[in-house]
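What follows is one structure encoded as structure tokens, with my remarks underneath.
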Amino acid sequence: MSFKKILIAPFILLVKFYQNFISPMFPATCRYSPTCSQYTLEALKKHGLFKGGWLSMKRIASCNPWGGSGYDPVP
């Protein structure tokens, strides 16, 4: 297992826990496709903890009524 995978593993587990146990209890509100949690998983796997984490935080911050919406893939 690479160092990058070891660093992101706890964060991936947290996102998957959110997707499976917390998110189903609330109505879908994400304005983007893929959802913010799926975007976070993809960004962490593709870019690693720091850049992927930064991209995820920017995306989550923009997921509001005054932010963007629509298709927004991980760069």
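Counting only heavy atoms of the protein chains, get the accessible area per residue of the chain (1.4 Å probe) and round it to a whole Å² value.
71
When the distances between all Cα atoms of the chain are binned every 5 Å from zero, what whole-number percent does each bin get?
Calculated P(r), rounded to whole percents: 3, 16, 26, 24, 19, 8, 3, 1, 0.
Net charge around Ser2, counting only other residues with Cβ within less than 15 Å of its Cβ (Lys, Arg = +1; Asp, Glu = -1)?
+4
When Lys and Arg each count +1 and Asp and Glu each count -1, what net charge do the other residues less than 13 Å away from Val74, Cβ to Cβ, add up to?
Value of the local net charge: +3.
Taking the Cβ of Leu55 as the center, what net charge do the other residues with Cβ under 10 Å away carry, scoring Lys and Arg +1 and Asp and Glu -1?
+3
Give the long-range amide H neighbours of Tyr32: residues separated by 5 or more places, or on another chain, with amide H under 5 Å away, using H modelled in the peptide plane at 1.01 Å from N.
Gly70
Before rounding to the nearest 500, sum -39500 (n - 2.57) across all DSSP H runs of length at least 4 in the chain and divide by the residue total; then give [θ] at 222 nm in deg cm²/dmol.
-19500 deg cm²/dmol
Working from Cα positions, state the angle (0 to 90°, nearest 10) between the long axis of helix 3-17 and the longest principal axis of the chain.
Its long axis makes an angle of about 40 degrees.
Once both axes come from the Cα atoms, what is the angle between helix 36-62 and the longest principal axis of the chain, in degrees from 0 to 90, rounded to 10?
Value to nearest ten degrees: 20.
Could you look at the chain and say what percent of its accessible area is carbon and sulfur, using a 1.4 Å probe and all protein chains?
Carbon plus sulfur share of accessible area: 69 percent.
The values are calculated or read from the model by the stated rules, or taken from the named source; none is laboratory data. If you're wondering where the values come from, they're calculated on a predicted model, not measured in any experiment. Note that we place each Cβ from the backbone using ideal geometry, even for glycine, and neighbour counts take in every protein chain shown. SASA here: full protein model, heavy atoms, side chains in, ligands and nucleic acids out. Shrake-Rupley method; radii C 1.70, N 1.55, O 1.52, S 1.80 Å.
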